[in-house]
1. What nm distance separates the two modelled labels at Ile230 and Ala209, each placed 7 Å from Cα along Cα→Cβ?
2. Step through the residues of the stretch 90-107 one at a time and calculate ³J(HN,Hα) from phi using the Karplus curve (6.51 cos²θ - 1.76 cosθ + 1.60, θ = phi - 60°), rounding each to whole Hz and writing x for Gly and Pro.
3. Report, in listed order, any pair from Lys57/Lys213; Lys41/Lys112; Lys41/Lys118 with a Cα-Cα distance greater than 31 Å.
4. Need the full-extension length gain, Phe104 to Val42, defined as separation in residues times 0.36 nm minus the C-alpha distance. One decimal, nm.
5. Give me the one-decimal nm value for the distance between modelled label points at His91 and Leu191, 7 Å along each residue's Cα-to-Cβ direction.
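Nothing in this text is a laboratory measurement; each read-out follows from the coordinates by a stated rule. Small disclaimer: the values here were computed from a predicted structure and weren't measured. For neighbour counting, all protein chains shown are included, and Cβ atoms are generated from backbone atoms with ideal geometry for every residue, glycine included.
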Amino acid sequence: MSLTADAIEKILELAPIEQVVLNGLTYQTKQLYLRSEPQPKVFTTQTLVSLVELIQKEHGHGRLNDLIIHVAEPTSVDVYSTLREDLGRFHIYRADAELPYQDFGQYRDLEKMVINLKSTFVQSESRDELVKLLGSITEEAVKTSTDDGISQTVTAKTGIATVGKVPVNPIQLLAPYRTFVEVNQPESEFLLRLQNGPRAALFEADGGAWKMKARANIKAYFEDKLADLISLGSVVVTE
């Protein structure tokens with residue numbers, strides 16, 4: 001009686017596991033598979049406050065004795081368990097910041113630029129000065145502007161009925177909402193450019209250094225809110 005391939009495979013499965021040592025290395029006749037543990041479903045939220053509340057409430061439950069908070073990006077934070085016996089980690093929580101849309105590098109008319117500055121940038125003296133400048137420029141003024149590649153000059157209203165030439169500082173220090181609202185929004189340099197229309201655009205000019213500041217601010221937030229658990233060694237915050 002001939003055996004089918006399936007029958008032969010079944011017999012091999014039932015055979016005992018044998019080990020062979022060759023050149024100091026141990027081999028076995030069967031491949032073993034690690035039985036997977038139940039994985040928690042990642043709980044996603046939009047705020048850092050929610051992460052703190054979840055950690056404080058659920059810390060110590062089952063495998064959640066020790067946690068790692070990873071500030072992956074200015075807009076995202078992940079919380080993991082420490083290493084398990086199988087060298088894996090549970091991905092437990094995640095926070096994704098809800099932020100207003102920013103189109104840096106795109107020209108828009110001055111009215112829309114002013115609205116954008118007032119609604120999606122942190123109030124500051126430099127922001128208010130820029131809003132004031134943009135509000136004083138007329139279409140005719142921008143058409144007569146001069147641009148030497150470094151700075152720009154426009155004709156703008158300098159009083160109720162006075163019109164004069166106003167130099168435009170090309171570098172503006174501004175703080176748009178780019179990270180979680182619970183932490184300080186990092187200021188960074190932007191290059192302001194004006195076009196006929198009149199239109200204006202802001203170009204990021206800090207090489208992305210603001211991201212390092214934002215991550216540091218988020219890390220400091222957790223270090224303050226979870227100071228007791230961190231001091232016990234139960235929570236680690238890393239970038």
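1. The modelled label-to-label distance comes out at 2.4 nm.
2. 7, 8, 9, 10, 8, 10, 10, 5, 8, 10, x, 6, 10, 10, 4, x, 10, 6
3. Violating the 31 Å limit, Cα to Cα: Lys41/Lys112; Lys41/Lys118.
4. Net length gain for the segment: 19.1 nm.
5. Label at His91, label at Leu191, 3.7 nm between them.
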